[in-house]
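Here's the structure we're looking at; comments come further down.
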Amino acid sequence: MNRKRVLSGVQPTGAIHLGNWIGAIRNWVELQKSHETYVCVVDLHAITIPHDPKLLAKNTLSTAALYVACGMNPKECSIFIQSHISAHSELCWLLNCITPINWLERMIQFKEKAIKQGENVSVGLLDYPVLMAADILLYDADLVPVGEDQKQHLELARDIAQQRINSRFSLDNREILKVPKPLIMKDSAKVMSLTEGTSKMSKSDPNENSRITLLDPPDVVTKKIKRAKTDSYLGLEFNNPERPEADNLLNIYAILSGSGREVVAKECSSMGWGKFKPLLTDAIIASIEPIQTRYKELIADQGEVQRILDQGKEQAQEVADVTLKRVKTAIGLLGNAKANY
Ligand code: AMP
Ligand code: TRP
């Protein structure tokens with residue numbers, strides 16, 4: 001039986017943090033065992049806001065190395081760089097021409113990022129979700145594991161595939177593009193900032209103490225958790241809307257210690273912050289240490305990462321080209337004999 005396909009990606013816009021890992025990458029590691037899995041570093045998305053060209057290639061390689069260090073196994077999945085497969089940009093253009101502009105203007109992430117950019121908003125930033133739809137639809141993905149913040153983008157990808165491509169251009173009711181489903185893990189979908197429990201942990205927060213990155217050394221983790229925002233209630237609890245920080249830190253602890261929410265709720269119900277913070281610190285350090293060790297080995301031998309990416313590119317290209325051809329034919333572009341569409 002054919003295995004279901006999974007596709008996902010992260011932008012190389014800065015150090016990968018606990019939110020990216022818990023909300024996305026950790027789930028890919030499980031999925032690759034039972035699904036045909038494609039994961040890419042979405043470098044074309046990273047240039048939709050002003051970026052430093054000196055850092056982009058370095059961050060792209062280091063993000064790919066982190067995927068492997070986190071447990072993505074090139075024998076079980078395909079790991080590649082988005083810009084290495086030109087079909088992403090090509091399909092994006094085709095989808096641009098059938099996507100209503102007001103579908104993009106109402107995207108929450110666009111509105112938030114556009115406010116931050118002020119005057120300097122690029123066409124690319126508005127078009128970001130169409131490129132993301134192209135990433136997903138090119139691989140006929142059944143499932144897209146992402147954090148809660150990406151749900152609206154996934155709905156857009158579904159609408160483009162269903163309403164704008166399949167229902168308009170299919171002549172025999174067969175799907176031209178597969179309609180993907182988001183896979184959002186309930187408990188891990190949103191890791192919040194350490195300095196403000198009501199905002200999500202984010203690469204773009206100017207305050208570095210708001211996040212723990214996968215490459216933070218133990219002393220930095222200890223310092224950031226010591227400084228993490230707390231409250232003055234007695235005991236610790238989940239789900240109290242007055243206590244977003246308690247909910248978030250307990251949740252991180254429940255996931256990383258492997259104990260789960262029920263056990264942690266009991267263990268910590270009469271605990272104070274002074275006793276809890278060292279436990280949380282140890283759980284975080286223990287879970288990111290093996291990732292750091294593997295990452296250092298990989299970065300010391302960049303040839304290995306390059307080989308993994310070359311192999312991933314080949315595997316991805318094979319699938320992407322077939323889908324692109326199908327869409328071009330369906331919308332009526334003239335093929336040439338060599339391309340056979
Ligand atoms: P980005 O950092 O925007 O490239 O996000 C990469 C992946 O991490 C996406 O699947 C996001 O949904 C997920 N993600 C980002 N921030 C968080 C967070 N604070 N909590 C959970 N998932 C997140
Ligand atoms: N927009 C996603 C994010 O910021 C990154 C992304 C781009 C992505 N293309 C994708 C995620 C395709 C999943 C599938 O998190």
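Derivation of every value follows stated rules applied to the coordinates shown; laboratory data play no part. These numbers were taken from a predicted model, which means no experiment stands behind them. We place every Cβ from the backbone using ideal geometry, glycine too, and count neighbours over all the protein chains shown.
Numbers at a glance
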read-out	value
Backbone HN-Hα couplings from phi across the range 97-103 [Karplus 6.51/-1.76/1.60, Hz, Gly and Pro as x]	6, 10, 9, x, 5, 6, 5
With Cα atoms, 0 to 90° folded angle of helix 108-117 axis to the chain main axis	80
Spacing of the two label points (7 Å from each Cα toward its C-beta) at V322 and K75, in nm	2.5
Where the Cα pairs of the range 49-149 fall when distances are cut into 5 Å bins, in %	2, 10, 16, 19, 24, 17, 9, 3, 0, 0
Rounded to whole Hz, the Karplus (6.51, -1.76, 1.60) HN-Hα couplings of the range 262-274, x for glycine and proline	4, 5, 5, 4, 5, 4, 9, 4, 10, 8, x, 4, x
Computed label-point distance, nm, for sites S86 and E148 using a 7 Å Cα→Cβ extension	4.2
Segment I47-S259, extension gain: residue separation times 0.36 nm, minus the distance between their alpha carbons	72.4 nm
Prolate/oblate/rounded label for the range 257-332 (Cα gyration tensor, a/c 1.5)	oblate
Candidates N27, N251, N207: whichever shows maximal mean-square fluctuation once the chain is modelled as a Gaussian network with Cα springs under 10 Å	N207
Eligible aspartates and glutamates near K33 by straight Cα distance, threshold 18 Å, same-chain separation 8 or greater	E76, D142
Net lengthening on full extension, N173/S199 (0.36 nm per residue, minus Cα-Cα)	5.0 nm
In range of the label at I331: residues from the range 118-138 whose backbone nitrogen is under 19 Å from the point 7 Å along Cα→Cβ	123-138
Signed unit charges on C-beta, dipole axis of the range 1-75, positive-most listed residue A69, Q11, L56	A69
Centroid-to-centroid separation of the range 141-192 and the range 1-29 [C-alpha atoms, Å]	16
Cβ crowding within 10 Å averaged over residues, with 227-239, 108-120 ranked highest first	227-239, 108-120
Stokes-Einstein D (µm²/s) once Rh is taken as the Kirkwood radius of the range 151-296 over alpha-carbon pairs, at 4 °C in 1.567 mPa s	73
Cα coordinate range in the chain, projected on the principal axes (Å, largest first)	71, 46, 44
Helical contribution to [θ] at 222 nm, DSSP H n ≥ 4, -39,500 (n - 2.57), averaged over the chain, rounded to 500	-15500 deg cm²/dmol
Separation between Cα centres of the range 56-125 and the range 302-339, rounded to whole Å	17
